[in-house]
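FYI, it's all coordinate maths here, none of it is from the lab. A quick note: this is a predicted structure, and the numbers were derived from the prediction, not measured. With ideal geometry, Cβ positions are generated from the backbone for all residues, glycine too; neighbour counts draw on all protein chains shown.
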Amino acid sequence: MFLTPKTRAIRFLCRPEDDGVIPPPVSAKTFMPDWFRKLPAVDPEKLSTGDSGLTVKRCMPFLDAMTAGWIIRLAATVRMEISDGGKKVDTAWDFDRILVSNHGAHQVAGNPRAPLPPCKFHNYWSIRTPPGWSCLFVQPLNRLNGIFEIISGVVDTDSYAAEIHFPFFATGADGLHIIEKGAPIAQVIPFERKALELSADIRAEREDEKKDRSRVFRNTISTDGWYRRFARSQR
């Protein structure tokens, strides 16, 4: 008899009454911001003998960060009033669940964002990962919104089955900000914890390592798209 190996998958679970009401998480690679979609890979106005005209759309590290993992979206539209230089944040919504609450300022006393008050987005998706896997929660990478900034965190989602909420600072200008239902509020990047156990080898490079570094760098600058093809061939 052949045994089928367990599928390694991340599960997003909501309460039955929320199914079809709150926006589901989406793969980050399918949820690109409009500005990035519209950006040309080469800016024709910059292209010249002295400039390749390449934009960040051809930068694989930038794109790989943006498309890693999953995006958690806001359950319903929030009205956020920022005043007094960001020291005061008032929020409201027309939904039957709490969407934003506050942390005590003493919990992050002395942080670089002071005196901005710490707030928290409420998320109604619980997340489950296979044994040995956790999730890193961050501000959606390379998707600055000018209104809020999520505080990063790691949760052992193979054992913590409850909903995970997202602390944030309101960073927008004074005034009323409308954060629409479905707006990206956090990026979820699953990882295997044993990867964190990698030991470090810190030293000067050997001659063969120097040659590898030089070869990769020279190939990268010699033709557009080489790194993209090389990186994908190594996966």
Q: Give the residue from Gly20, Pro44, Pro33 lying farthest towards the positive end of the charge dipole for the chain; charges sit on Cβ (+1 for Lys and Arg, -1 for Asp and Glu) and the dipole is referred to the Cα centre.
A: Pro44
Q. How large is ³J(HN,Hα) for each residue in the range 161-171, as worked out from phi by the Karplus curve 6.51 cos²θ - 1.76 cosθ + 1.60 (θ = phi - 60°), to whole Hz, x for Gly and Pro?
A. 9, 7, 5, 10, 9, 10, x, 7, 10, 7, 10
Q: Can you tell me the relative contact order of the range 93-178? Whole percent, Cα pairs under 8 Å, sequence separation 6 or more.
A: 33 percent
Q. For the range 1-139, rounded, prolate or oblate, judged on the Cα gyration tensor with a ≥ b ≥ c (square roots of eigenvalues), a/c < 1.5 rounded, else prolate if a/b > b/c?
A. oblate
Q.
Can you tell me which aspartates and glutamates have their Cα less than 15 Å from the Cα of Lys57? Leave out same-chain residues fewer than eight positions away.
A. Asp34, Asp43, Asp224
Q) How far is helix 207-222 tilted off the main Cα axis of the chain, in degrees rounded to 10, range 0 to 90? A) 80 degrees
(Q) Can you classify the range 21-92 as rounded, prolate or oblate using the Cα gyration tensor, where a ≥ b ≥ c are the square roots of its eigenvalues, rounded means a/c under 1.5, and otherwise it's prolate if a/b beats b/c and oblate if not? (A) oblate
Q) Using the Karplus equation 6.51 cos²θ - 1.76 cosθ + 1.60 (θ = phi - 60°), what ³J(HN,Hα) coupling, rounded to whole Hz, does each residue of the range 137-153 give in order, writing x for Gly and Pro? A) 10, 9, 3, x, 5, 6, 10, 4, 10, x, 10, 9, 9, 6, 8, 6, x
Q.
Given the DSSP H assignment, sum -39500 (n - 2.57) over each helix run of at least 4 residues in the chain and divide by its residue total; what's the result at 222 nm in deg cm²/dmol, nearest 500?
A. -4500 deg cm²/dmol
Q. Once Rg/Rh (Cα atoms, Kirkwood Rh) is worked out from the coordinates, which option in (i) 0.95; (ii) 1.03; (iii) 0.98 does it equal?
A. (ii)
Q | Packing rank of 153-165, 128-140, where each peptide gets the mean count of other beta carbons within 10 Å, highest leading | A | 128-140, 153-165
Q. So, with +1 on the Cβ of K and R and -1 on the Cβ of D and E, and no other charges, what is the size of the charge dipole of the range 162-230 about its Cα centre, to the nearest 20 debye?
A. 400 debye
